Amino acid sequence: MTTSRTKSKSLRIKGWGTSLPSLLILAVLILYPLASLLLQIIFPHIFDQKMSLAPSLKPIIGVFSDKLNMEALFNSLWIGLAAAVVAAILGTLTAFGTSQAPRKLKIVLDLLIWMTLFAPSYIIAQGWMIFMQDGGIAAQIFGLPNGWSNWFFSKPGLVVVMGLRYLPFVHLAMMQAVENLGIEFERAGRSLGARRWTIFRRITMPLLTPGLLAGVSIAFAEGFGDFGFAAAITPQTHIPLLTFQIYASLYEAPVNYAAAAVLSLVLLVIMALAIWLQMWWMRRGTYVTVSNQSRAAAQSSARQSMNWRTTAALIVAAIGLLIPAGSTAVASMWKTFSNGIAASNWTFHHYAKALQLGGEGVSSVLRSLGYSLSAAVITMVIALYIAYLLQFKKSPAMKFVNAITMATIAIPGIVLAAGFIFAWNANWLIPIHLVLYGTSICLGMAYIAGTLPYAIRLDIGAISQLSPNLMVAAQSLGAKQIRVMQKIVFPLISSTMVSTFFLTQTGIMFELPASSLLYPAGQPPLPIEIASKFKSFEWAQGSALTVIGMIFVLGLYGLGRYIIYRVQKRTIGKQHDSTVHVSQVEGAGSSIGLEAMGSGD
């Protein structure tokens, strides 16, 4: 018994030792900034020049007694809810329309939905404003008078635009559920005399509840915690939103760090509540639609035709992406905005100015490119290391690491960035010369912290497909962990690693929350340069910079897809060669990879 307890204790200590590097990385990038932010709520003078640990509830009372903060909270709540409802209706429509579309049209619909998903919120918001404002593109094309779009620059208008922006979350959550819905349920309803609407309301939609709830909860969380729409819309429409109040508390006079911390906590609690409600509802019943009796494939092939659902889905998806994106592209080529679509008003002058060597436009693009490439490399390496340990080193310590990475996915970028201000500008860092706030290192760390949880989950999905027997066999031949990863893990999940790199890199190019709060003075990255142009009503130059940035992103994404294709092709070739070789040495009890491992190649 004593020997068993000693062995168990030794294994626990070894487990914590193995997980120590992962815990340190997460502590530096996520836990320490969040803890600093939350400490500010109870100890409002902990970061003062003369530090005090005296607790106080004044920050909480102050935030909830401020009318503007309460108005921002109320606006964010009901606008987020209403936008989620709009996204649910539109996303459900596009999911049904796409599932019933002919194959080529389905590809077009998928492309529109995915491009809308990847487009940054503030780019979408600014495109809509160019289109809808007085004297904007819509007014100039259709000859509309001033004031025609006042409804758009109001709360209902914001709800509609945000609903179009977040419909991809509902669409993607619903697509698989719609395609898995067998025709036996509909046939059973018809045999009992139910009409089409009754079947849809009483049978189809209840069975789609899991996908719908997942999409709606994500759409609400995204809308409630979105900083891009708040940064682009709030200054123009004077509609206070919670995320913009956090930003204003940190960057507008008078600076109020405690208010930013309390508002961030409110944001976190409400987003966590939305996710918990979805999980609670799911536990109340069963929603099984896939079984050995399902006939989803037959349904799919029978209904693939152009019908009103497909037509409506195409219109909705096109409006959600092409109007804002097209407006941005058109505005970037107008000499003056007031002269509009006149033939003499078209030019590439704004592109030439943005690409002028030594200018702020080129400098900001190069800065964001440098940040995104370096952060993507570091994120890819760290994510692979942690994902490997999470999958193959089962211990209480790694379960704790897994819980941290799962929980931090829901943290909005503006909250994490606010935590970095407190954490890396603290007085106790001065004696050890570790005040990183205001440096490019701090901004790079924030970029990595924001993308790392997603990258880890992506890598876990790929690593979970590897048999543990591969690693056990390699280690039994004397291979150390780093060699196992180099010879077995890297080659088998290389395409996922490349995907992680390019998804991280393209996301950072247009990342706004951390860029807004943490960029070094005088060195604005691309999102800040774009936002400043639009803020000063330089629509054409801001649009030109946006298009240039998007070209970079699309070019890098295309390069990534090509690299993934080449990697997959090479991997398949190697697997084929390995299969041939293994068949030739059948009975020897070893594969090519393990032979190489054992011989030290």
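The set of residues in region 389-408 that are farther than 20 Å from Gln465 by Cα and open to solvent by 50 Å² or more (accessible area, probe 1.4 Å) comprises Pro396, Phe400, Ala403, Ala407. Candidates Val255, Val266: the one that is within 20 Å of Lys58 (Cβ to Cβ) and not in a helix (DSSP H, G or I) is Val255. When restricted to residues that are of a type in the set (D, E, K, R) and either in contact with a strand residue (DSSP E or B) (Cβ under 6 Å, 6 or more places away or on another chain) or surrounded by fewer than 24 Cβ atoms within 10 Å (Cβ to Cβ) (or both), region 142-180 contains 2.
For region 162-185, filtering for residues that are out of contact with any Gly (no Cβ under 9 Å at 6 or more places or on another chain), among the hydrophobic types (A, V, I, L, M, F, W, C) and in a helix (DSSP H, G or I) leaves 2.
Within region 357-377, the residues that satisfy the criterion of being open to solvent by 20 Å² or more (accessible area, probe 1.4 Å) and either of a type in the set (S, T, N, Q) or touching a residue at least 60 places away in the same chain (Cβ under 8 Å) (or both) are Glu360, Ser363, Arg367, Leu369, Tyr371, Leu373, Ser374, Val377.
Among the criteria (1) under 18 Å from Trp539 (Cα atoms); (2) open to solvent by 40 Å² or more (accessible area, probe 1.4 Å), the one Ile137 does not fulfil is (2). Restricting to region 340-356, and then to whatever is in contact (Cβ under 8 Å) with a residue 24 or more places away in the chain and outside any helix (DSSP H, G or I), can you tell me which residue is least open to solvent (accessible area, probe 1.4 Å)? Only one residue tops the list, namely Gly340.
Every residue, every condition in (1) closer than 19 Å to Ile530 by Cβ; (2) outside any helix (DSSP H, G or I), yes or no:
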| site | (1), (2) |
| --- | --- |
| Leu93 | no, no |
| Leu105 | no, no |
| Val108 | no, no |
| Leu111 | no, no |
| Ala125 | yes, no |
| Trp128 | yes, no |
| Pro145 | no, yes |
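The residues listed here are Ser495, Ser467, Ser440; of these, the one that is modelled with pLDDT under 80 and either in contact with a helix residue (DSSP H, G or I) (Cβ under 8 Å, 6 or more places away or on another chain) or crowded, with 21+ Cβ neighbours inside 10 Å (or both) is Ser495. Checked against (1) in a helix (DSSP H, G or I); (2) out of contact with any Phe, Trp or Tyr (no Cβ under 9 Å at 6 or more places or on another chain); (3) over 18 Å from Arg561 (Cβ atoms); (4) not hydrophobic (A, V, I, L, M, F, W, C), Thr496 meets all criteria but (3). Sub-6 Å Cβ pairs linking a first residue in region 445-467 that is part of a helix (DSSP H, G or I) to a second residue that is open to solvent by 30 Å² or more (accessible area, probe 1.4 Å) and of a type in the set (Lys, Arg), at least 6 apart or interchain, number zero. Being open to solvent by 20 Å² or more (accessible area, probe 1.4 Å) and of a type in the set (A, V, I, L, M, F, W, C) is the filter; apply it to region 503-539 and report the residue that is farthest from Met132 (Cα to Cα). Among them, the one singled out is Ala521. In the set Lys399, Lys394, only one residue is basic (Lys, Arg) and outside any helix (DSSP H, G or I); that residue is Lys394.
The values are calculated or read from the model by the stated rules, or taken from the named source; none is laboratory data. Small disclaimer: the values here were computed from a predicted structure and weren't measured. Using ideal geometry, Cβ is built from the backbone for each residue, glycine included, and neighbour counts are taken over all protein chains shown. When the accessible area is computed, the model is the full protein with side chains, heavy atoms only, and any ligands, DNA or RNA have been set aside. Shrake-Rupley method; radii C 1.70, N 1.55, O 1.52, S 1.80 Å.
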